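Nothing in this text is a laboratory measurement; each read-out follows from the coordinates by a stated rule. Note that the structure is predicted; figures quoted are calculated from it, not measured. When we count neighbours, we look across all protein chains shown, and the Cβ atoms used for this are built from the backbone with ideal geometry, even at glycine.
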Amino acid sequence: MSQYQIAVIVGSLRKDSFNRKLASAVVKLAPSEFTFKQVQIADLPLYNQDDDANQAESVKGMKGEIAAAQGILFVTPEYNRSIPGVLKNAIDHGSRPYGQSVWGGKPAGVLGISPGATGTAMAQQHLRNVLVAVGVLTMAQPEAFIQAKEGLFDENGEIGAGSKKFLQNWMDQYVTWVKKHAG
Ligand SMILES: Cc1cc2nc3c(=O)[nH]c(=O)nc-3n(C[C@H](O)[C@H](O)[C@H](O)COP(=O)(O)O)c2cc1C
């Protein structure tokens with residue numbers, strides 16, 4: 001049986017991030033042939049094109065993890081109707097130097113959670129736009145705009161009963177998408 005390593009990128013650096021919590025919980029809905037690892041983006045420098053010929057160790061490390069993965073899972077908050085700068089910074093780093101992007105052809109899924117009712121819809125749409133530019137193969141459907149509500153997570157931090165069916169279906173579709181497109 002094939003094994004699939006998935007790089008998880010969370011767009012929040014906040015200690016008690018809902019998005020990190022969602023990322024940790026949702027991966028438990030995947031089959032055992034899928035393993036997930038959160039990629040560190042907090043220590044990446046601000047992207048500067050002058051550094052392309054001499055990328056920081058943290059950038060090389062992140063790029064190595066993406067390159068080695070068979071798929072990517074983005075879980076992002078919405079900041080001012082878009083994606084957080086830290087997430088865009090990571091994507092920009094991974095796309096350079098020109099011709100050495102790690103993103104092209106990688107299957108990906110997009111999730112997000114916010115306390116607000118729109119559930120990161122606009123951030124996800126912006127993210128999809130960016131991912132097209134770097135050649136990521138983002139799953140179109142199902143979309144998942146999650147609102148942080150009482151009961152979303154159970155006492156063990158796992159997806160609560162009320163949202164399990166919805167997110168299980170999302171994960172099943174994601175697994176199918178990655179298997180279809182993993183190189
Ligand atoms: C700078 C900033 C901008 C925000 N803008 C939005 C927004 O446009 N839409 C929204 O639903 N929530 C917005 N929020 C609220 C976030 O959804 C909320 O802080 C959320 O908890 C962030 O995700 P996290 O818990 O994973 O850190 C914003 C928060 C911050 C700090």
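A few notes on this one:
- CD proxy at 222 nm, helix term only [per DSSP H run n ≥ 4: -39500 (n - 2.57); per residue of the chain; nearest 500]: -11500 deg cm²/dmol
- Within a straight-line Cα-Cα reach of under 16 Å, residue 88 can be paired with the following lysines, leaving aside sequence neighbours fewer than 8 residues apart in one chain: 63.
- Extension gain, residue 168-residue 48: 0.36 nm per intervening residue step, less the Cα-Cα distance, totals 39.2 nm.
- Over region 141-183 - Rg/Rh using Cα atoms and the Kirkwood inverse-distance radius: 1.08
- You can think of it this way: the chain between residue 147 and residue 56 has 29.1 nm of extra reach, that is 0.36 nm per residue less the Cα-Cα gap.
- At most 11 other Cβ within 10 Å, DSSP loop - GluC sites (Glu not before Pro), region 1-97: 33
- Listed residue (26, 94, 166) projecting farthest to the positive dipole end of the chain, Cβ model: 166
- Cβ-based net charge around residue 154, under 15 Å, with every Lys or Arg adding one and every Asp or Glu removing one: +2
- When the trypsin sites (Lys or Arg not before Pro) in region 135-183 are filtered for DSSP coil states and for at most 14 other beta-carbon atoms within 10 Å of their beta-carbon, the remaining sites are 149.
- Region 86-183 has equivalent-ellipsoid semi-axes of 28, 17, 11 Å, by the square roots of 5 times the alpha carbon gyration tensor eigenvalues, sorted largest first.
- Rotationally averaged projected area of the chain (alpha carbon convex hull; nm²): 10.3
- Partner aspartates and glutamates for residue 180 [C-alpha distance under 15 Å; skip if fewer than 8 residues away on the same chain]: 33, 172
- Candidate aspartates and glutamates for bridging to residue 106, where Cα separation is under 15 Å - those fewer than 8 sequence places away on the same chain excluded: 65
- Rounded to 5, the percent of DSSP beta bridges in the chain classed as antiparallel: 10
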